[in-house]
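Report on the following structure.
Bear in mind that the values in this text are calculations on the coordinates, not laboratory data. All values reported here derive from a predicted model rather than from experimental measurement. Using ideal geometry, Cβ is built from the backbone for each residue, glycine included, and neighbour counts are taken over all protein chains shown.
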Amino acid sequence: MQRLSGLIVTLLGVAFLHQSWNLNWGTVTKLGPGFWPSGLAFSLIVIGIVSALSPKISSKYQSFKLWSTLTLLVTIIGYAYLVTWAGLILTALFSLLTALMARLDSVDGTTFVIAGVVLYSVLAFLILLGIDIPLWPPSICC
Amino acid sequence: MLLENLALGLDTMLTATNLTWCLLGVTIGTLVGVIPGLGSMIAMSMFLPLSYHMDLIPALITMAGIYYGSQYGGSITATLLNMPGHPASAVTCLDAYPMTQQGRGGVALATAAVASFMGGILAVIVMVILGSYMTHIVFMFGPAEYFSVMLLGLVAVSILERTNLLANISMVMLGILFGLIGTDIHTGQPRLTFGIEQLGSGIHIIPMIMGLFGLGEMLCRISDYDIRSRSTHAGRWIPTRLETVRAVKSGLRGSAIGSVFGALPGTGCTIASFASYMWEKMTSRHAHEFGRGAIEGVAGPEAANNAASQTAFVPTLTLGVPGDPMMILIMALLLIQGISPGPTLMIDHANIFWTLVVCFVIGNVMLLILNLPLIKMWTSIVNIPYVVLYPTIVFVMCTGVYAVNNNIFDIVSLVFFGLFGLMMRQLGINATPFVLGFVLGAPMEDNLRRALLLASYSDEFVFTRPIVAVTIGLIIMLVMIRAIFTRKKVYAQH
């Protein structure tokens with residue numbers, strides 16, 4: 001695990017160094033925008049390499065299920081896709097149903113939950129906080 | 001003179017109308033703070049247009065109530081669900097959430113409430129005693145002092161964590177680099193944007209924290225959760241005598257740290273709560289408990305957070321220098337009402353300052369009365385079955401993150417940091433150094449550049465300035481302590 005984290009840190013360091021390489025480093029008294037990021041990225045690469053080559057330190061591995069993780073990610077990406085044009089209510093329906101699918105054994109009492117959360121969302125976000133999210137898709141309401 | 005000023009504040013504050021506005025402010029603040037991602041910024045922004053139609057004092061009282069009410073509200077979800085309501089609560093997650101997992105969620109919430117109260121009251125005392133001296137203390141801090149204090153915080157978080165030292169240092173550096181993404185404030189040049197246009201304005205802290213702590217935790221553990229009812233029980237809410245002693249001591253230290261950091265422009269509640277956490281960890285005899293449910297890790301940062309939120313009013317009102325975005329809103333409210341904050345405010349409009357002082361005391365008492373009896377209700381959240389809780393959290397978290405800027409890119413950031421948080425958990429890496437690096441990275445670079453520039457115009461050697469010299473001495477001491485402990489450990493192993 002430590003080898004892998006060292007490798008990831010090194011790769012991230014290389015990516016940041018590549019991004020900051022062409023920025024002006026400035027002088028000692030007048031640092032440019034590239035000095036601090038390049039210095040940090042270079043140090044990150046060194047630490048990443050040292051970490052990857054160091055003696056192994058055991059760390060506790062936490063298991064996770066791919067299905068649940070992917071379903072939650074689909075829920076959030078779907079939310080981002082829908083919220084600007086489908087309106088809050090349809091987005092809420094999609095998000096709640098897909099989030100429930102993350103645990104297929106949990107789909108029970110869904111209607112009650114969805115009705116409650118949609119009502120809460122309309123009250124909290126639209127009425128109380130006045131956030132600019134359409135309630136329904138513009139093609140339906142206008 | 002002091003008593004006369006306090007009497008003036010009491011006279012203005014103790015009317016049925018102003019008390020009602022204060023209660024309304026702290027209630028709205030708590031309710032908005034509880035929603036993950038929505039903090040004081042959103043609530044205060046929404047309230048600002050309404051203040052046009054109100055008189056100055058009621059508007060200021062309500063705005064202040066929303067501000068410190070949401071500071072407490074944010075710690076409720078941080079404690080129970082590992083989802084900080086606002087950035088300053090992120091540090092509360094580190095020990096309060098493990099306490100909830102151990103069945104001590106009630107104690108964590110009660111500690112947070114009482115520590116916030118302590119922080120609030122002690123900050124008021126500091127404001128009253130040092131009101132006029134605060135401006136002098138503020139002027140003692142130049143860019144070099146800010147840089148050295150921030151460096152101390154980063155060194156402390158890297159080397160005091162007893163896990164992998166190299167991983168901690170690399171996470172601090174990575175956090176700083178992520179914090180630097182955006183536009184360079186000195187030259188206006190975009191940097192580290194990887195060709196992504198939306199990164200030009202940087203990564204917002206809300207999606208970063210929500211992703212790293214909230215979504216990361218959910219992605220990692222969703223398959224473990226009990227579907228019908230959660231196995232975690234919030235348990236009792238009254239701490240034991242030993243817990244009380246430990247919490248009170250760290251609450252007092254946190255209040256002092258928060259009072260100082262709040263008064264320094266450009267620091268704010270988030271840095272204050274991290275500073276308190278670091279101090280507790282550095283000085284505690286129970287350092288091994290940190291990250292696993294140490295009560296000091298809840299009391300100190302919560303007291304610091306609330307104290308800072310109140311002393312932050314001092315530079316805003318007396319210098320006209322707002323320390324964080326929320327103070328900019330307070331300043332905007334004053335300007336809308338035709339009041340210019342600055343050194344003459346304490347003379348020309350003394351009633352504003354002293355009414356706020358009394359408002360803080362009454363508001364904090366209201367918060368305590370409002371929240372202690374509700375602890376049972378809040379802790380019942382952890383027993384809500386999965387079928388109700390987690391889909392709701394995912395949806396509310398997305399809406400909260402989206403609502404910050406009405407920007408889809410924030411949700412993309414949420415997913416990115418959620419996956420990053422998942423990866424960190426898989427690799428056994430602690431997220432705290434990363435978050436602290438992210439928070440401190442940009443201001444540290446800014447202060448270093450300004451300090452070096454100022455030094456080039458002066459004969460004074462930066463490292464001989466008293467605060468800088470003391471801080472650097474502390475950094476060297478910490479590194480030596482860590483080196484000695486590591487050497488002893490290696491000898492013991494052999």
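For the reader, a short list of remarks on this structure follows.
- Computed over the alpha-carbon pairs of the range B:388-463, the distance histogram in 10 Å steps reads 15, 26, 29, 14, 12, 3, 0 percent, short to long.
- Computed over chain B, relative contact order equals 27 percent, with contacts defined as Cα pairs under 8 Å that lie 6+ residues apart.
- Protection proxy ranking for B:54-66, A:78-90, using the average of other Cβ atoms within 10 Å per residue and placing the highest first: B:54-66, A:78-90.
- Across peptide B:435-446, the average count of Cβ atoms from other chains found within 10 Å of a residue's Cβ is 1.
- Averaged over B:186-196, number of beta-carbon atoms from partner chains that fall within 10 Å: 4
- Per-residue shielding of B:424-434, expressed as the average number of other chain Cβ atoms within 10 Å of the residue Cβ, stands at 4.
- Amide H contacts of A:GLY26: A:GLY32, each under 5 Å away and 5 or more positions distant or on a separate chain (H built 1.01 Å from N in the peptide plane; Pro and chain starts excluded).
- Counting 0.36 nm for each residue step from B:PHE139 to B:HIS288 and taking away their Cα separation leaves a gain of 49.9 nm.
- Overall dimensions of the range B:2-493, expressed as equivalent-ellipsoid semi-axes from the Cα gyration tensor (√(5λ), whole Å, largest first), are 32, 29, 23.
- Under DSSP loop assignment and at most 13 Cβ neighbours within 10 Å, longest chymotrypsin sites (Phe, Trp or Tyr not before Pro)-free interval of chain B: B:195-456
- Taking trypsin sites (Lys or Arg not before Pro) in DSSP loop conformation with at most 12 other Cβ atoms inside 10 Å as exposed sites, chain B has its longest uninterrupted site-free stretch at B:1-227.
- Scaling against 2.2 N^0.38 Å puts the C-alpha radius of gyration of the range A:2-53 at 1.24.
- Phi to ³J(HN,Hα) by Karplus 6.51 cos²θ - 1.76 cosθ + 1.60 over the range B:238-249, Hz, x for Gly, Pro: 8, x, 6, 4, 5, 4, 4, 4, 5, 5, 5, 4
- Helical runs assigned H by DSSP (4 residues or longer) give chain B a calculated mean residue ellipticity at 222 nm of -23500 deg cm²/dmol, each run adding -39500 (n - 2.57) before division by the residue total.
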